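The values are calculated or read from the model by the stated rules, or taken from the named source; none is laboratory data. Just so it is clear, the structure is predicted and the values come from calculations on it, not from any experiment. A quick note on method: Cβ atoms are made from the backbone with ideal geometry, for glycine too, and the neighbour counts reach across all protein chains shown. Keep in mind that these areas ignore ligands, DNA and RNA; they rest on the heavy atoms of the full protein, side chains included. Shrake-Rupley method; radii C 1.70, N 1.55, O 1.52, S 1.80 Å.
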Amino acid sequence: MIHIIGGGLAGSEAAWQLAEAGISVKLSEMRGVEGTPAHQTDHLAELVCSNSFRSDDAERNAVGLLHAEMRALGSLILRAADAHKVPAGSALAVDRDGFSAAVTAAIEAHPNIELVRERVDTLPEGPAIIATGPLTAAPLASAIGAETGEDALAFFDAIAPIVHRDSIDMSICWFQSRWNKGEGKDYINCPMTKDEYLAFHAALLAGEKGEFKEWEKDTPYFEGCMPIEVMAERGVDTLRYGPMKPVGLDDPRTGRWPYAVVQLRQDNALGTLWNMVGFQTKLKYAEQVRVFRTIPGLQNAEFARLGGMHRNTFLNSPRLLDGSLRLRSAPNIRFAGQITGCEGYVESAAIGLLAGRFAAAELKGEALSPPPSTTALGALLGHITGGAEAETYQPMNVNFGLFPPIEGRTKKSDRKELMTARAREALAEWAA
């Protein structure tokens, strides 16, 4: 039997891969006994920030390629995501409640998995995978720190608000995907004139923010999940070139691009809940309601969830983990998911998938080489376990910059398709 600690995306995927390989698994999940600052349910694989797994384009996008590779290897997370997909243009977005319920049901029903609701405070002595994520409970985090002798890096992660669809004024807003991609109507767009945008920008800067605890004050933000008000502080036009960019969106009332746009993306299968894209925030709740209701079309918005922030921690994995995710100082233990420093839902589950497969092979006395670096799985794993510079290690999404370059002279416009074709061939050979 192997012990997995943490029932998030990575822990659930690792448990599934091991169980499908015929290995008995004990999966310990703290929620159900003790909550976290970010989670709202005790479901496994709960999505606490966006409901999007990002692009599903396996030909020209690295995360879309990662989706395809995980599907090919029998990923539970991708199976549940595909079953609970909601419209999001070319992205894979899910009904978050249906998704996490499906993962929980699959884990609970598997005969090789024992799900135990408990908090684990010490490092296991036998074979184990730690997938406790960025919100690892303090006692276990202390035990990890004592074993590794390394201070965990830390950053802040932020949660975007969710709005009830029937409270959005569709006489002002309209349905459209940028450049009409996907179905062309997968986002609700709230347009702003220049004066409205400048007033909104000023309100963000002036809005009352939540207080940091003393131990949080020196913790940096991660660039991939920057609070909207922190982005606003970087310059008056920063938001217009980021989450509020208007390009490719034609306001049907004017036939022109607005000065700025707030986009909302469907958050559940019923289409009753929509999240504010890129609007992670540290504003206090009352300030969020006040400021966000100044957005045209959201003047009467009712919020199913307001934004928030929590501290995340992760390992200096290039220094601490070997090429199969084992802790160098205690090789009976593997780490998986965001605690390794990968960033994003899909990346977290992907590292869980690999940790499960590495552990299954080891327990069976078999050898399993890492996936080729030309695959999305291999490129991500390589970055975490040695490709990144340990001294400056930061969370990273999968991207084509992690892949070996295409040999020979090629057109720049062809490189992504060449990389994905190379990856498909390499993964098929490795999986066989």
The answer for the chain, accessible area per residue at 1.4 Å probe in Å², is 42 Å²
What ³J(HN,Hα) values, in whole Hz, does the Karplus curve 6.51 cos²θ - 1.76 cosθ + 1.60 give for region 260-265 when θ = phi - 60°, with x put for Gly and Pro? 7, 9, 9, 9, 10, 10
Considering amide H positions built from the backbone, and no H for Pro or chain starts, which residues 5 or more places from Arg54, or on another chain, come under 5 Å of its amide H? Leu92
P(r) of the chain over all Cα-Cα pairs, binned every 20 Å from zero, in whole percent: 26, 56, 17, 0
Enter the angle in degrees (range 0 to 90, nearest 10) between the Cα long axis of helix 62-72 and the first principal axis of the Cα atoms of the chain, meaning the one along which they spread out most. 50 degrees
Quickly work out the Thr238-to-Ala199 label distance, labels modelled 7 Å from Cα along the C-beta direction, and quote it in nm with one decimal. 2.3 nm
Most fluctuating residue given options Gly182, Gly207, Gly255, as computed from a GNM of the chain linking Cα atoms under 10 Å: Gly255
Looking at the chain, what % of its DSSP beta bridges pair antiparallel, to the nearest 5? 65 percent
Given a 1.4 Å probe and every protein chain left where it sits, what share in percent of the accessible area of the chain is carbon and sulfur? 50 percent
